[in-house]
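Engineer: The structure is given below, and queries will be raised subsequently.
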Amino acid sequence: MTHFAVLNLPTFADQRGSLTVMERALPFEVVRTYWIHGADGQTRGGHRHTYTRQALIAISGKIDVYMNDGVTAETIALDHPGKCLLVEPKDWHTMNFGPGSVLLVMSSHPYDRSEYIDTPYE
């Protein structure tokens, strides 16, 4: 059991493959979507936000996400496209990318560099 919110999205599989559904699953409206790829062996992130909420899904491969909310620190493995990690504004996070990984990120707000907090918790 994790301290941080992880959603297990409905996934339907048969001999033709798998289909994972994201419908009314997030506690915020998505206004920005992007994906990170080609980052094999790299660490990304290293910040928290003032107000932006995010949802992270490893569409392919494995991504270890280090989370720290100032009270609890934990690493969560995103290793299935039906697993969605919610990142709250207070959550310091870094993402370590395994080979061939693709990370889908859905955000509650448009990009605004001024609301990033680059100082980690002590």
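The numbers here are math on the coordinates, done by the rules we state, and not lab data. Just so it is clear, the structure is predicted and the values come from calculations on it, not from any experiment. Neighbour counts are summed over all protein chains in view; Cβ atoms, including those assigned to glycine, are modelled from backbone coordinates with ideal geometry.
Engineer: Rounded to the nearest 20 debye, what is the charge dipole size of the chain about its Cα centre when +1 sits on each Lys and Arg Cβ and -1 on each Asp and Glu Cβ?
Structural biologist: Numbers: 10 positive and 14 negative charges, 56 e Å.
Dipole magnitude for the chain comes out near 260 debye.
Engineer: Right, another one. Determine ³J(HN,Hα), in whole Hz, for all residues of the range 63-68 in sequence, where each value follows from phi through the Karplus function 6.51 cos²θ - 1.76 cosθ + 1.60 and θ = phi - 60°; x replaces Gly and Pro.
Structural biologist: With coefficients 6.51, -1.76 and 1.60, one gets 10, 8, 10, 8, 10, 8 Hz.
Engineer: Follow-up. With Rg and Dmax of the Cα atoms in Å defined as stated, name the option among (1) 14.3, 49; (2) 16.3, 55; (3) 22.3, 87 computed from the structure displayed.
Structural biologist: Only one listed value fits the structure, namely (1).
Engineer: Once you have the Cα-Cα distance between residue 34 and residue 122, take 0.36 nm times their residue separation minus that, and quote the gain in nm to one decimal.
Structural biologist: Result for the pair: 28.7 nm of gain on full extension.
Engineer: Here's something else I'd like to know. Based on Cβ point charges of +1 for Lys and Arg and -1 for Asp and Glu, what charge dipole magnitude is obtained for the range 53-122 about its Cα centre, in debye rounded to the nearest 20?
Structural biologist: That gives the range 53-122 a dipole magnitude of about 280 debye.
Engineer: Spin-label point model (7 Å from Cα, Cβ direction): what's the residue 74 to residue 51 distance in nm?
Structural biologist: Those two pseudo-labels are separated by 2.8 nm.
Engineer: Taking only C-alpha pairs under 8 Å that are 6+ residues apart, what is the relative contact order of the chain in percent? Walk me through the numbers on the way to the answer.
Structural biologist: Numbers: 285 pairs, mean separation 44.9, N = 122.
37 percent.
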